[in-house]
1. Name the residues in segment 318-333 that are closer than 14 Å to ALA19 by Cα and either surrounded by 22 or more Cβ atoms within 10 Å (Cβ to Cβ) or touching a Cys at 6+ places or on another chain (Cβ under 9 Å) (or both), would you?
2. Within segment 75-97, count every residue that is crowded, with 18+ Cβ neighbours inside 10 Å and without any contact (Cβ under 8 Å) to a residue 40 or more places away in the chain.
3. If the requirement is being within 14 Å of the chain's Cα centre (by Cα) and surrounded by fewer than 22 Cβ atoms within 10 Å (Cβ to Cβ), which of these qualifies: HIS247, HIS302, HIS232?
4. Looking only at segment 102-118, which residues are in contact with a Gly (Cβ under 8 Å, 6 or more places away or on another chain) and not in a loop (DSSP other than H, G, I, E, B)?
5. So if I check each of GLU197, GLU238, GLU220, which one is out of contact with any Pro (no Cβ under 8 Å at 6 or more places or on another chain) and closer than 26 Å to ASP166 by Cα?
6. Of all residues in segment 210-260, which are in a strand (DSSP E or B) and either of a type in the set (D, E, K, R) or more than 20 Å from GLY279 (Cβ to Cβ) (or both)?
7. Would you confirm, using the coordinates I've provided, whether ALA296 is surrounded by fewer than 23 Cβ atoms within 10 Å (Cβ to Cβ) and closer than 14 Å to VAL256 by Cα?
Amino acid sequence: MDLMKRSSYYYDLPQELIAQTPAEKRDSSRLLCLSRGDGSIRHAVFHDIADMLRPGDCLVINDTKVIPARLFGKADGREGEIETVLLSRTEEGGDSWKCLTRPGKKTKPGARIVYSDELSGTVTDVLEDGVRVIKFEYSGVFAEILDRVGVMPLPPYIKRKLEDKDRYQTVYARTDGSAAAPTAGLHFTNELLAELEAKGVRIARVLLHVGLGTFRPVKEDDLSAHIMHSEHIKVTPEAADLINETHANGGRVIAVGTTCVRTLETVCGEDGLVRPYEGETSIFIHPGVPFRCVDALITNFHLPESTLIMLVCAFAGYENTMRAYREAVKEKYRFFSFGDAMFIG
């Protein structure tokens, strides 16, 4: 098996196993537990994670907050609706954002789009991959206007309308900026986090703003030709100290989701120490890439041939991972963003 070929990461998934709605209670999702050591598999419920973490462990969570980044408007002098998805602020910051627009032919530089009485924008540039730069005009607080006008940008495989937009948000979301949720964190409740802390598990907050690139398929069959999208990350001195202390004291660092893995492995040196950092990461983790920081992983089930399943294969081992996915299909686990979870340790 050539692990640098995209096709090696394909698996059969019946459409009916793609979760369209969240679990009734966040921590009632199913949990498949996979041992990195011997590849053994057992089945549990997510709340059982409290029994799997030990005093002295450090749970690392991504406290990014999904913004209602999907807007619908009309271009001056043109018929039809224009969809705009905010990706990230430009390097200059301010009110200019990198966006995806559809249909693109109506959004050339100079085009003005009106989204509501209180929000409009002008296309100022077109970047590679058809990304538009839009400078927004409004009066008031941009985040509050987005909350009124915008829609949560759910993944393309979710066809049902989300009744409660808070369910596509972790309970610990704090910093606005993501176009998609760090979905492994959706299983946690405030009560479960409090139970873990009472047990002696420490919690470190890091930040990675998830971009829509997370849903883009890998196009090249040769993984060495794949260019990873860039995302903004931040690790504070406090978080770095907590993670380093955990390892120094013999505890485990447990990453909640692939976003935390990418953040931690970006900022961890060859000496195994995590350093404070704020900036961009485009790290692509696939089999053959070493892990320096993460000891265990909580994650959802990912799309076939995606960079996310490649990361899981790098962490848990290719054969272990693909066997676990076959078991999850056989046992009818729910897949993707609103689906069930895995604990890999």
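The values are calculated or read from the model by the stated rules, or taken from the named source; none is laboratory data. Just so it is clear, the structure is predicted and the values come from calculations on it, not from any experiment. Heads up, the Cβs are rebuilt from the backbone with ideal geometry, glycines too, and the neighbour counts pull from every protein chain shown.
1. ALA328, TYR333
2. Residues flagged as crowded, with 18+ Cβ neighbours inside 10 Å and without any contact (Cβ under 8 Å) to a residue 40 or more places away in the chain within segment 75-97 amount to 3.
3. HIS232
4. Selection gives GLY104, LYS106, ARG112, ILE113, VAL114, TYR115, SER116.
5. GLU197
6. Answer for segment 210-260, where residues must be in a strand (DSSP E or B) and either of a type in the set (D, E, K, R) or more than 20 Å from GLY279 (Cβ to Cβ) (or both): ASP222, GLU231, LYS234, VAL253, ILE254, VAL256.
7. Answer is yes for this residue.
Here is a yes/no grid of residues against (1) over 22 Å from VAL60 (Cα atoms); (2) surrounded by fewer than 12 Cβ atoms within 10 Å (Cβ to Cβ); (3) touching a helix residue (DSSP H, G or I) at 6+ places or on another chain (Cβ under 9 Å); (4) free of Cβ contacts under 8 Å to residues at least 12 places away in the same chain:
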{"position": "LEU154", "(1), (2), (3), (4)": "yes, no, yes, no"}
{"position": "LYS165", "(1), (2), (3), (4)": "yes, no, no, no"}
{"position": "THR170", "(1), (2), (3), (4)": "no, no, yes, no"}
{"position": "ALA198", "(1), (2), (3), (4)": "no, yes, no, yes"}
{"position": "THR214", "(1), (2), (3), (4)": "no, no, yes, no"}
{"position": "LEU223", "(1), (2), (3), (4)": "yes, no, yes, no"}
{"position": "MET228", "(1), (2), (3), (4)": "yes, no, yes, no"}
{"position": "ASP241", "(1), (2), (3), (4)": "no, no, no, yes"}
